[in-house]
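Participant: Here it is: the structure, laid out below.
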Amino acid sequence: MNQLEPQRGKAEPAGLDVVVTTMASDSHTWNLVFLQLLLEELGHRVTNLGACVPDELLVSECRRIEPDLIVLSSVNGHGYHDGLRVIQALRACPELAATPTVIGGKLGIAGSGEPDRQRSLLAAGYDGVFEEGRSVADFRSFVGALPPAASRALSAPADRALPADRALPADRALPTAARTLPTASASGVLR
Ligand code: B12
């Protein structure tokens, strides 16, 4: 399939089912290995689709697995453009329209501090954008804030907020560049 065969983690059932992948143009793999190990350490089950994943395969695997979280990583500088294309394809599938989906890494070629880029990705449908810097810490907070089987709890694309009874305590920190998730925190939830 790709350089990396899909791998299933061995975490406990209580964790999330997570798809970790890059996109069609990107051949880097250690970013994916890193994310897989991080998520497994946090108790989640990871299917790692590997490098250079064609859009069709990415979408079909996500439809098949129906994960609780989709994590896209790209470091080759094309991530922003690839990411805009891929999120459209994912959100066009009814079963993936509300699945929490994030993107991170080195998404452009001019460093990470580009709020416009993050805003466009969030507006296009991502629930979080994690570019270098504090990205891993913010990503951990984001994942920690997801309830089990989060994707199934989100009802429709037009209403991506979680039900009130699954909302987080207000003092739980959410990533700066995140837009969904419960009880919008004061930390920059854009929607
Ligand atoms: C090894 C490497 C390669 C290897 C990859 C081998 C492999 N099997 O992975 C090879 C030689 C194939 C390669 C090719 C290319 N590479 Co290269 N590569 C690197 C290098 C030296 C290390 C990458 C790495 O493995 N890092 C280790 C992992 C663990 O770290 P990471 O990838 O940075 O990921 C971390 C964070 O970004 C973050 N992160 C990543 N994704 C996500 C997602 C989320 C959700 C979160 C929270 C965090 C997160 O978490 C990780 C841990 O902190 C980097 C330079 C560097 N020092 O980073 C360049 C680099 C990534 N490559 C680069 C480039 C340009 C290329 C090529 C285009 C070169 C070319 N002209 O051919 C090609 C791209 C080919 C392609 N189709 O994608 C550039 C990208 C430029 C940019 N984005 O600004 C870099 C940054 C080098 C540079 N300084 O110019 N590369």
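Participant: What length, rounded to one decimal in nm, is gained on full extension from residue 64 through to residue 95, with 0.36 nm per residue of separation minus their alpha-carbon distance?
Facilitator: Between residue 64 and residue 95, full extension yields 10.2 nm more.
Participant: Give me 103, 109, 65 sorted ascending by neighbouring Cβ count inside 10 Å, so fewest comes first. Write down the numbers at each step before the final one.
Facilitator: Values: 103 30, 109 10, 65 17.
In order of increasing Cβ crowding within 10 Å: 109, 65, 103.
Participant: Once the Cβ-Cβ distance between residue 27 and residue 55 is put in as r, and R0 is 22 Å, what FRET efficiency do you end up with, to the nearest 0.05?
Facilitator: The formula returns an efficiency of 0.90 here.
Participant: Can you work out the FRET efficiency for the pair residue 132 and residue 109, with r the C-beta to C-beta distance and R0 = 22 Å, to the nearest 0.05?
Facilitator: The formula returns an efficiency of 0.95 here.
Participant: Just rank 34, 130, 139, fewest to most, by other beta-carbon atoms within 10 angstrom. Each step should come with its number before you reach the end.
Facilitator: Numbers: 34 13, 130 27, 139 20.
Result, fewest neighbours first: 34, 139, 130.
Participant: For the stretch 17-166, what is the per residue volume of the convex hull drawn over the alpha-carbon atoms, in cubic angstrom? Numbers along the way, then the final one.
Facilitator: On the way: hull volume 14.9 nm³, N = 150.
Value for the stretch 17-166: 99 Å³ per residue.
Participant: Take the Cβ-Cβ distance between residue 120 and residue 42 as r, set R0 to 25 Å, and report the resulting FRET efficiency rounded to the nearest 0.05.
Facilitator: That gives a FRET efficiency of 0.30.
Participant: Further question: Would you kindly derive the ³J(HN,Hα) couplings of the stretch 121-136 from the backbone phi angles with the Karplus curve 6.51 cos²θ - 1.76 cosθ + 1.60 (θ = phi - 60°), listing them in order in whole Hz, with x for Gly and Pro?
Facilitator: 5, 5, 5, 6, x, 6, 8, x, 10, 10, 10, 6, x, 7, 4, 5
Participant: So what is the relative contact order for the stretch 17-166, in percent, with contacts set as C-alpha pairs under 8 Å and at least six apart?
Facilitator: Numbers: 250 pairs, mean separation 34.2, N = 150.
Answer for the stretch 17-166 is 23 percent.
Participant: Tell me, in nm to one decimal, what length is gained between residue 14 and residue 140 on full extension, where the rule is 0.36 nm per residue of separation less the Cα-Cα distance?
Facilitator: Gain on stretching residue 14 to residue 140: 43.7 nm.
Any read-out appearing in this document is the output of simple, stated calculations on the displayed coordinates, not a laboratory observation. Keep in mind the model is a prediction, meaning the values are calculated, not measured. Heads up, the Cβs are rebuilt from the backbone with ideal geometry, glycines too, and the neighbour counts pull from every protein chain shown.
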